[in-house]
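Notes follow once the structure below has been shown.
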Amino acid sequence: MWLDNLVVPSFLQVLEFIGTFAFAISGIRLASAKEFDWFGAYVVGVSTAIGGGTIRDLLLGVPTFWMTNPIYLICSGLALLWMILFGKVLIHLNNTFFVFDSIGLALFTVVGVEKSLDLGFPLWVAVVMGAITGAAGGVIRDVFINEIPLIFRKEIYAIACVMGGLIYGFCLYCGFNIVVTQCISGSVVFLIRLVVVKYEICLPILKHS
């Protein structure tokens with residue numbers, strides 16, 4: 001039966017799918033604000049979703065994840081469809097971009113850290129790869145829509161990924177279950193983003209003397 005060949009996705013793959021959808025939504029949301037057409041919005045969305053993971057895989061020397069499974073491009077397409085159908089509602093919600101971007105950031109950080117550790121790289125490399133996976137797609141997005149990348153502004157962004165990666169390593173050191181570790185690490189990234197935005201916490205600006 002065809003059910004015998006059905007492959008159940010792992011928890012990590014589920015995180016990737018959700019993160020892909022969330023990041024694609026965040027990219028398409030900003031593209032719509034710039035009045036991109038459907039194709040342009042899709043390009044921005046898919047670049048946001050796969051950009052960080054692509055750079056990560058190239059640095060780790062493994063096959064690029066989206067080239068082995070079309071589901072990531074499909075997820076981005078579904079995100080575009082979602083925006084086409086419900087875009088007016090989402091656009092009127094002021095926190096739409098922040099919520100979806102933070103969800104994608106948290107989930108992709110976890111994916112990047114775990115994939116690096118599974119390949120045998122040390123924790124410090126995994127933390128860097130987690131930050132790249134989470135933040136690099138947003139940099140590509142901002143370049144495409146002609147904005148200063150969020151990672152380079154006052155707002156704490158990549159540092160949230162680094163903290164999440166360190167917490168991931170700490171949880172493993174403490175012997176936590178892998179799923180619990182993933183949930184705690186992702187929650188830390190999301191909560192840091194929530195707190196720093198709510199209370200306007202930022203890094204000092206390097207001023208030109």
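The values are calculated or read from the model by the stated rules, or taken from the named source; none is laboratory data. Only a predicted model underlies this, so the values are computations on that prediction, with no experimental measurement involved. Every residue, glycine among them, receives a Cβ derived from its backbone with ideal geometry; neighbour counts consider all protein chains shown.
Points worth noting:
- Restricting the stretch 16-36 to residues that are among the aromatic types (Phe, Trp, Tyr) and within 16 Å of Leu105 (Cα to Cα) leaves a set whose member that is surrounded by the most Cβ atoms within 10 Å (Cβ to Cβ) is Phe23.
- No other residue among Val113, Val143, Val89, Val125 is assigned to a helix (DSSP H, G or I), within 17 Å of the chain's Cα centre (by Cα) and free of Cβ contacts under 8 Å to residues at least 12 places away in the same chain apart from Val143.
Matching residues to (1) farther than 16 Å from Thr48 by Cα; (2) part of a helix (DSSP H, G or I); (3) modelled with pLDDT under 95; (4) not polar (S, T, N, Q):
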| residue | (1), (2), (3), (4) |
| --- | --- |
| Leu93 | yes, no, yes, yes |
| Asp101 | no, yes, yes, yes |
| Gly120 | yes, no, no, yes |
| Gly130 | no, yes, no, yes |
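- Residue identified as surrounded by 13 or more Cβ atoms within 10 Å (Cβ to Cβ) and over 22 Å from Leu194 (Cβ atoms) among Leu117, Leu107: Leu117
- Subset of the stretch 146-197 [surrounded by fewer than 19 Cβ atoms within 10 Å (Cβ to Cβ), among the polar types (S, T, N, Q) and in contact (Cβ under 8 Å) with a residue 40 or more places away in the chain]: Asn146, Ser187
- Ala135 being in contact (Cβ under 8 Å) with a residue 60 or more places away in the chain and out of contact with any Ser or Thr (no Cβ under 6 Å at 6 or more places or on another chain): yes
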